[in-house]
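**Student:** Here it is: the structure, laid out below.
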Amino acid sequence: MTTSPAEILLVEDNPADLELTMHAFRSHGLATRVHVVRDGAEAIDYLFSSGANGVRTLEEGPRVILLDLKLPKVDGLEVLRRIKSHDWLRAIPVVVLTSSQQESDIVQSYHLGVNSYIVKPVDFDQFAEAVRQLGFYWLLLNQPPVPR
């Protein structure tokens, strides 16, 4: 973990997808800005300050959350529900990055307030390019929320 707050929270349990995502971030100089959690319970602990490295203010929080849906312990939809029901966490953009193309997952994600829903490409090069674009858009182009 870096000494400065992470700008990207990556919630991913699949080791292969995690490695591909981190490879894409490393190849574009974004890896030091990423904090990784591997299940929904760990994401909730991190975001709600109930764990050792918990986020305590909007300024300490990530600028974007990349969230898989099919997670152990607590599924991604429940994590999303918790984020979007919290006063200041709801301002953090959440991008669902998942292999699920189920219409019910897409509909429920948007109903809960997701900012974007992206199905992981199967092809490595397409996946790496999608991750690169996500990182650059949310870190360089998007204006983060203003703390209250």
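The values are calculated or read from the model by the stated rules, or taken from the named source; none is laboratory data. All values reported here derive from a predicted model rather than from experimental measurement. Backbone-built Cβ (ideal geometry, glycine too); neighbour counts: all protein chains shown.
**Student:** Would you mind finding the one in Glu42, Glu19 that is surrounded by fewer than 17 Cβ atoms within 10 Å (Cβ to Cβ) and modelled with pLDDT of 75 or more?
**Tutor:** That would be Glu19, the only listed residue that is surrounded by fewer than 17 Cβ atoms within 10 Å (Cβ to Cβ) and modelled with pLDDT of 75 or more.
**Student:** Among what's in segment 97-148 and is modelled with pLDDT of 80 or more and small (Gly, Ala, Ser), pick the residue that is surrounded by the fewest Cβ atoms within 10 Å (Cβ to Cβ).
**Tutor:** Ser104
**Student:** When the residues of segment 1-11 are filtered to those that are over 15 Å from Gly29 (Cβ atoms) and over 8 Å from the mean Cα position of the chain (by Cα), which remaining residue is modelled with the highest pLDDT?
**Tutor:** Once the filter is applied, the top-ranked residue is Pro5.
**Student:** Specify the residue that is nearest to Pro121 (Cα to Cα); the eligible residues are those in segment 10-24 that are of a type outside the set (D, E, K, R) and outside any helix (DSSP H, G or I).
**Tutor:** Asn14
**Student:** Across segment 65-104, what is the total count of residues that are in contact with a strand residue (DSSP E or B) (Cβ under 7 Å, 6 or more places away or on another chain), part of a helix (DSSP H, G or I) and charged (D, E, K, R)?
**Tutor:** 0
**Student:** Take segment 120-135 and flag every residue that is hydrophobic (A, V, I, L, M, F, W, C) and under 16 Å from Met22 (Cβ atoms). Walk me through it before giving the result.
**Tutor:** Kept after step one, since they are hydrophobic (A, V, I, L, M, F, W, C), are these residues of segment 120-135: 122, 124, 127-128, 130-131, 134.
Of everything in segment 120-135, those that are hydrophobic (A, V, I, L, M, F, W, C) and under 16 Å from Met22 (Cβ atoms) turn out to be Phe124, Phe127, Ala128, Ala130, Val131, Leu134.
**Student:** Still on this model: Scan (1) in contact with a helix residue (DSSP H, G or I) (Cβ under 6 Å, 6 or more places away or on another chain); (2) at pLDDT below 95; (3) of a type outside the set (A, V, I, L, M, F, W, C) for the single condition Thr57 breaks and write down its number.
**Tutor:** (1)
For (1) under 19 Å from Ser49 (Cα atoms); (2) touching a residue at least 24 places away in the same chain (Cβ under 8 Å); (3) among the hydrophobic types (A, V, I, L, M, F, W, C), each residue gets a yes or a no:
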position	(1), (2), (3)
Leu89	yes, yes, yes
Leu97	no, yes, yes
Glu103	no, no, no
Gln126	no, no, no
Leu140	no, no, yes
Gln143	no, no, no
